There are 2 protein chains.
Amino acid sequence: MRKVYLDHYATTPLLPAVRDAMLPFLGESFGNPMSLHNWGDAPRDAMDKAREQVGALIGTDASEEIIFTSCGTESNNFAIKGLATALQSKGKHIVISAIEHFSVMNAARSLEKMGFQLSLVPVDKNGVVNPEDVRQNLREDTILVSIMHANGEVGTIQPIKEISAITREKGILLHTDAIASCGNIPVNVKDLGVDALSLAGNQFYGPKGGAALWVKKGVRIIPLLDGGIQEGGRRAGSEDVASIVGLGQAAEIAAVDVVNRMNKLIPMRDSLIKGLTEKISHVVLTGHPQNRLPGHASFCVEFIEGESMLMMLNSVGIAVSSGSSCTSRALKISHVLMAMGYTHEIAQGSLVFTLGIDNSIDDMQYVVEEMSPIVVRLRQMSPVYDKFLKANKGGQ
Amino acid sequence: MRKVYLDHYATTPLLPAVRDAMLPFLGESFGNPMSLHNWGDAPRDAMDKAREQVGALIGTDASEEIIFTSCGTESNNFAIKGLATALQSKGKHIVISAIEHFSVMNAARSLEKMGFQLSLVPVDKNGVVNPEDVRQNLREDTILVSIMHANGEVGTIQPIKEISAITREKGILLHTDAIASCGNIPVNVKDLGVDALSLAGNQFYGPKGGAALWVKKGVRIIPLLDGGIQEGGRRAGSEDVASIVGLGQAAEIAAVDVVNRMNKLIPMRDSLIKGLTEKISHVVLTGHPQNRLPGHASFCVEFIEGESMLMMLNSVGIAVSSGSSCTSRALKISHVLMAMGYTHEIAQGSLVFTLGIDNSIDDMQYVVEEMSPIVVRLRQMSPVYDKFLKANKGGQ
């Protein structure tokens, strides 16, 4: 059976060159980079290099502004909690969008329990934040705004540059969760105008244990992990050198390759969108039709459930997701789709295809061919679809 | 030149069997364990196995009580902050020892800034906590006690069982930082009587990115990382499967091998202690003379500085530490030695040898031979030693 992995938002495979870069640090170069003796030298040099590689990917040569973390969720928690608590004497109001990842959303909810106040900026039907809505939510005591760069569930890319023009004018910090975008589209912290940015290696063919938070020089952040003096005293804990090196290598490759990747992914994505929406009735593309991640095709398929489709696609060798992998096993309705105005009923039919550089145009054709009978079969078992047919005699 | 790595407390090399267990998860089994499709199956099964392996190492078959983290520092931060904040409606007083690792100490200090109160239990000259001193520090509003199982700087093993008898009697939670001990001596959570325990794979030939916090069933803990539903909702973030699998494999091997390892390490340690203290004058063994980690030999060498010795030992191929790797580059005087009553002057001469299973008795002889002339040379340059000699004519 053909195997088609279309769940790159859940995680990407490691590039062989990334794995090769990591292996020495799981072998002879096992030392602790903090060590003063020679065993610390190679790990420390490799970390310095990785810091430069990650800096280069996001357009900064001030590599000391990169703080390595263990995962994107840690980067987002660190940003939200660390920046907010550092500024709490100035105010306790935070603004985020209604479609943030749970690692931003729930970190902000935790701050609410500590006496902070939270405002959620709405999005339109395409999942786009209107910068003017951000402005409307700013108050005298607003200390932090966090709007994601791109949404992993619906693929929409946000107008961060326009939002940062507003936050800068007001002197308020702006963090962006660039975990779904970084490595997949060009990301430049200076162009975006942000003060802090989260990224994760496993979104661009790097390791799961390698992620980072970039914090602009001069911006104060309170550590999430207290302890030793690693990462300039901002993130204690023995450094996971192999993962950091892998993150750096993946970043270097992505920086060179990102436009090629986009040029490969966009036609595949568009053929998948065209194929599915033309061949199957009552399928809605979710997220922005143009301004979306290059490998991202997400849909709501009416009258049936995302999980059922996912399981049947799995049985023909196709891996997709029905939302965020962080909640996939919770089987909850997506807060992202709800915020975009989809009904509970339609949001249930969510299906997310995230393409990668190893996919081919033939894979897309295979998906379209396999998907069609699956939808037919599931709709045959669907009481909702039955009801719809009866109400619309003469319809499909 | 001979290479002798005696800094296993900074980090251990990976066992080849551990690396082999990890590699598939850096290759074909790259999937996200949260995924509902087949790509999630092997990673999820491997994580389940790792959870059982780690549980078995610490004497519990309730593997759901194991929460995977990214490093020992995260485990300690999670324990201190998560257990204390979960109980803050009951009280805000925390008790720790004066010689805790910075990841416990500074996490507790962070809680102080949030309105918690902290008491430090003293230690004796050997670095031992007297259980009665713990009792003396307990108050009506004490909600958490954290006393490390063994100290990585001076090797002393604490009477946790006697301490837990007291905390249990009072109904107060007891956490122990077993990062330096777990995998190196038998650790059993039931025997110890604790409610939570931190461990880290890179202390027993596992990977740097694999660590865990064990929390007894029924004990509530507030997450440090908010977000998705991973780790039973207690630690969000994409799981670093390779590191978790490596931790599990290292735990399984340690569980079988721990007594063999001790039998190999203790005679080496004792020969090193004997050799150094007999051959060099004014050398003091720090920590408990008997009740100490099997591979741990720590000293204060009078009249000279630990870092100078470290650098000169490095030049003859010997890796040692002058304290905790988390602070080695800060070159601060050890709070552990100060708490044990050493003067600033003597504590400066701290040197820590942590042996591993790849060391040999010949390594110990090499260290003793090389160390002696180094001390002589450094003392020749030492104004403090010169002063001492003049004051004690006829001395060494």
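The values are calculated or read from the model by the stated rules, or taken from the named source; none is laboratory data. Treat the numbers as computed from the prediction; the structure is a model and nothing was measured. Counting neighbours? That spans all protein chains shown, and the Cβs are built from the backbone with ideal geometry, glycine included.
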Residue that is crowded, with 18+ Cβ neighbours inside 10 Å, modelled with pLDDT of 95 or more and over 13 Å from A:LEU6 (Cα atoms), where the choices are A:ALA347, A:ALA339, A:ALA319: A:ALA339
I want to confirm something. Restricting to the stretch A:358-372 and keeping residues that are of a type in the set (A, V, I, L, M) and farther than 14 Å from A:SER315 by Cα, which single residue is surrounded by the fewest Cβ atoms within 10 Å (Cβ to Cβ)? A:ILE361
Tally, over the stretch B:197-227, of residues that are under 15 Å from the mean Cα position of the chain (by Cα) and not in a loop (DSSP other than H, G, I, E, B): 10
It is to be established whether one or more residues within the stretch B:198-212 are surrounded by fewer than 21 Cβ atoms within 10 Å (Cβ to Cβ) and out of contact with any strand residue (DSSP E or B) (no Cβ under 6 Å at 6 or more places or on another chain). no
Residues of the stretch B:322-336 satisfying the condition of being crowded, with 21+ Cβ neighbours inside 10 Å, more than 12 Å from chain A (Cβ to nearest Cβ) and at pLDDT below 95: B:SER334
As an exercise: evaluate A:PHE102 against (1) within 17 Å of A:ILE163 (Cβ to Cβ); (2) of a type outside the set (S, T, N, Q); (3) touching a residue at least 24 places away in the same chain (Cβ under 8 Å) and give the number of the one condition it does not meet. (1)
Within the stretch B:106-142, take every residue that is surrounded by fewer than 23 Cβ atoms within 10 Å (Cβ to Cβ), of a type in the set (A, V, I, L, M) and within 14 Å of another protein chain (Cβ to nearest Cβ) and give me the one that is nearest to A:GLY237 (Cα to Cα). B:LEU111
Result of the Cβ filter at 8 Å on the stretch A:211-229, keeping first residues that are within 13 Å of chain B (Cβ to nearest Cβ) and partners that are among the polar types (S, T, N, Q) and in a loop (DSSP other than H, G, I, E, B), at least 6 apart or interchain, is A:ALA211/A:SER70; A:GLY228/B:SER324; A:GLY228/B:SER325; A:GLY228/B:THR327; A:ILE229/B:THR327
Answer yes or no as to whether A:VAL187 is away from chain B (no Cβ under 14 Å), at pLDDT 95 or above and over 25 Å from A:ASN151 (Cα atoms). no
Failed item in (1) of a type in the set (S, T, N, Q); (2) farther than 21 Å from B:ALA150 by Cβ; (3) assigned to a loop (DSSP other than H, G, I, E, B), with B:GLN290 passing the rest: (2)
Within the stretch B:268-281, is there a residue that is free of Cβ contacts under 8 Å to residues at least 40 places away in the same chain, away from chain A (no Cβ under 14 Å), within 22 Å of the chain's Cα centre (by Cα) and part of a helix (DSSP H, G or I)? yes
Please verify whether the stretch A:352-367 includes one or more residues that are of a type in the set (Gly, Ala, Ser) and at pLDDT below 95. no
Please find, within the stretch A:272-284, the residue that is surrounded by the fewest Cβ atoms within 10 Å (Cβ to Cβ) out of those that are in contact with a strand residue (DSSP E or B) (Cβ under 6 Å, 6 or more places away or on another chain) and within 22 Å of A:HIS335 (Cα to Cα). A:VAL284
Failed condition for B:PHE25, given (1) buried (at least 24 other Cβ atoms within 10 Å of the Cβ); (2) more than 9 Å from every other protein chain (Cβ to nearest Cβ): (2)
Residues (surrounded by fewer than 20 Cβ atoms within 10 Å (Cβ to Cβ), farther than 30 Å from A:LEU313 by Cβ and of a type outside the set (Ser, Thr, Tyr)) located in the stretch B:48-76: B:GLU52, B:ALA56, B:GLY59, B:ASP61, B:ALA62, B:GLU64
With the requirement that a residue be part of a loop (DSSP other than H, G, I, E, B), within 21 Å of the chain's Cα centre (by Cα) and of a type outside the set (Gly, Ala, Ser), what does the stretch B:96-120 give you? B:ILE99, B:GLU100, B:HIS101
If you take the residues in the stretch B:233-248 that are away from every other protein chain (no Cβ under 11 Å) and either without any contact (Cβ under 8 Å) to a residue 12 or more places away in the chain or assigned to a helix (DSSP H, G or I) (or both), which one is surrounded by the most Cβ atoms within 10 Å (Cβ to Cβ)? B:LEU247
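Of all residues in the stretch B:32-47 being within 7 Å of chain A (Cβ to nearest Cβ) and within 32 Å of the chain's Cα centre (by Cα), which is surrounded by the most Cβ atoms within 10 Å (Cβ to Cβ)?
Per the criteria, the residue is B:ASN32.
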Helices (runs of 4 or more DSSP H) contained in the stretch B:1-95 and holding at least 1 residues over 27 Å from A:SER75 (Cα atoms): B:16-22, B:41-57
The stretch A:1-22 - residue that is more than 27 Å from A:ARG44 (Cα to Cα) and not hydroxyl-bearing (Ser, Thr, Tyr) and, of those, nearest to the other protein chains (Cβ to nearest Cβ): A:ALA10
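I'd like the full set of residues that are among the β-branched types (Val, Ile, Thr) and either surrounded by 17 or more Cβ atoms within 10 Å (Cβ to Cβ) or within 16 Å of B:ALA297 (Cα to Cα) (or both), limited to the stretch B:249-271.
B:ILE253, B:VAL258, B:ILE266
So which of A:LEU351, A:LEU313, A:LEU389, A:LEU355 is under 20 Å from A:ALA10 (Cβ atoms) and away from chain B (no Cβ under 14 Å)?
A:LEU355
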Residues B:PRO13, B:PRO33: which one is farther than 30 Å from B:SER298 by Cβ and in contact (Cβ under 8 Å) with a residue 40 or more places away in the chain? B:PRO33
